[in-house]
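Reading through the structure tokens given below for one structure.
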Amino acid sequence: MDEVLKKTKKESSLFLITLATVVLGLDYVWNFIPGLPGFFSLNRFVFLAVFAVDVLLFSDKYIRSLRMYLVCGLILIGCLPFLVFDGKSFGADFLVNGLKLLGIFAYLIFFYFNCRDSKTAGRISTILFLSTGVMAVYVMGSQLGILGAKIHRWRGAVQFTSASGIFDPNIISLSFLPAFAFGPLIGYHWKNISGKKRDLIVILYICFCFAAFFQLNSRAGSLAVAASLIASLILRFIILPREERGGRLNSIIFLILIIGAFVYTQIQYNILGPIIGIYGETYLNTDTSFAIRQDSYTYLFNSLLSSPSLFGGGYRDYWQESGWMGKWPHSVFVDVYIRGGLLFLVTYISLYIGSMIKSLRGAFATQEIALKGCFAGFFCFMVGFLPMAITLSMEGKKLPWAIIGCIFGLAAARDNKNRSGTYT
């Protein structure tokens, strides 16, 4: 009877994790409907309900460790001055910014305590991988005039479109990362499909996402996608044990097929043409967006070297010193410092670097091949997110925080298993 009850609880917990991951991957799906206010999103309603149910039914797992609560506490302390004093309207700004911060904490904590084994991590990776396809369909629909609309833009002498519908193309780029980070490694925990058929499906899927992604024509996004995909293809080959020669050969064939499919797609549809033209028309000495990024990092370095602020103080000082009144810094790290001071910046950098170290170490130190694939996929996502973190203001987006939670939770469970012999 106890075994049946334990199995039922585990399946119920996995169902809630699955539902929460679907919300994470498809958070923007409600906003595909024209005219629907941006306030209506899955994470503001469905995820909070899932999180509340999980806490009520499985509260014991949320008291296993205090580390992540301490991290959230440090961030909250650093951001308190920003939450209270920043903005024109005390009530509205405090409420909106406070809810955004609590949303970040909810995703970080939920996935930290729930991503505990290869089955759960594999489920999370698969759902996020498949969720990219929904976004790819939306982008292609925008390109074809079925959903949303294309935005016509100019850079120098190059005219191009951004088929992002009602969304910022850079936000959409973040949603594309799981396809390229997890795709080449997804087969390590897909056991129900034969190897050759699985690889063919994954290659075709990646190529479709690739073709859709380049309709966005996002410079930062293209760097992120390239970094994720290259890292994933490399790790697909090197994390396999030496004795599995067949697996290494399949990795080489997979790489050749991916390259061949990309070359064919480029020759047939010239999907890289606009983004190559945009890069060709980007001159760092005259590019406004590059100047904003350069000035934001100058502000950060000057502040850190002269009189670093322990707590966040808001954007007023940044705007005054940089001269870009009303412009965002285009950097996660600068945004984090502005909102939470040195306390938030050090905490965030520790989380980011720590997640990359733990995921890479797990990909090589773990013996279970499915777990290797999960760690490697998470690492490739964080590698791809780095160009976006350096060049865009995306500190409030939930997906990277959830992946950080997954990495730390999975690493903690692996360490517990090494000590006790069983996962907790």
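Figure legend. Inter-residue proximity from the range 411-423: first residues modelled with pLDDT under 85, second residues part of a helix (DSSP H, G or I), beta-carbon distance below 7 Å, spacing 6+ or different chains. Indicated pairs: Y423/A413; Y423/N416; Y423/K417. Given the criteria over 25 Å from the mean Cα position of the chain (by Cα), in a helix (DSSP H, G or I) and under 30 Å from G78 (Cα atoms), does L305 qualify? Judged against the criteria, L305 is a match.
If I ask for residues that are assigned to a helix (DSSP H, G or I) and more than 19 Å from L185 (Cβ to Cβ), which ones from the range 386-404 would you list?
P387, M388, A389, I390, T391, K398, W401
Could you tell me how many of the residues in the range 254-300 are over 19 Å from F213 (Cα atoms), free of Cβ contacts under 8 Å to residues at least 12 places away in the same chain and surrounded by 11 or more Cβ atoms within 10 Å (Cβ to Cβ)? Total meeting the criteria: 4. Restricting the range 131-170 to residues that are within 20 Å of G273 (Cβ to Cβ) and of a type in the set (F, W, Y), the residue that is surrounded by the fewest Cβ atoms within 10 Å (Cβ to Cβ) is W154. Just the residues that are exposed (fewer than 14 other Cβ atoms within 10 Å of the Cβ) and basic (K, R), please, taken from the range 301-331. Result: R316, single match.
Going by what's in this entry, would V383 be described as in a helix (DSSP H, G or I), β-branched (V, I, T) and farther than 30 Å from F311 by Cβ? Considered against the rule, which asks whether it is in a helix (DSSP H, G or I), β-branched (V, I, T) and farther than 30 Å from F311 by Cβ, V383 comes out as yes. Taking the condition crowded, with 24+ Cβ neighbours inside 10 Å, among the small types (G, A, S), within 11 Å of S218 (Cβ to Cβ) and touching a strand residue (DSSP E or B) at 6+ places or on another chain (Cβ under 9 Å), does S173 pass? For S173, the condition - crowded, with 24+ Cβ neighbours inside 10 Å, among the small types (G, A, S), within 11 Å of S218 (Cβ to Cβ) and touching a strand residue (DSSP E or B) at 6+ places or on another chain (Cβ under 9 Å) - is not met. Of all residues in the range 264-302, those satisfying the criterion of being part of a helix (DSSP H, G or I) and either of a type in the set (A, V, I, L, M) or in contact with a Cys (Cβ under 7 Å, 6 or more places away or on another chain) (or both) are T265, I267, I275, I276, I278, A291, I292, L300.
Is it the case that the range 308-315 has a residue that's part of a helix (DSSP H, G or I) and of a type outside the set (G, A, S)? Please lay out each step first, then the result.
First, pick out the residues of the range 308-315 that are part of a helix (DSSP H, G or I): none.
No: zero hits.
The values are calculated or read from the model by the stated rules, or taken from the named source; none is laboratory data. All of these numbers come straight from a predicted model, not from anything done at the bench. Glycine also receives a Cβ, built like all others from the backbone with ideal geometry; neighbour counts cover every protein chain displayed.
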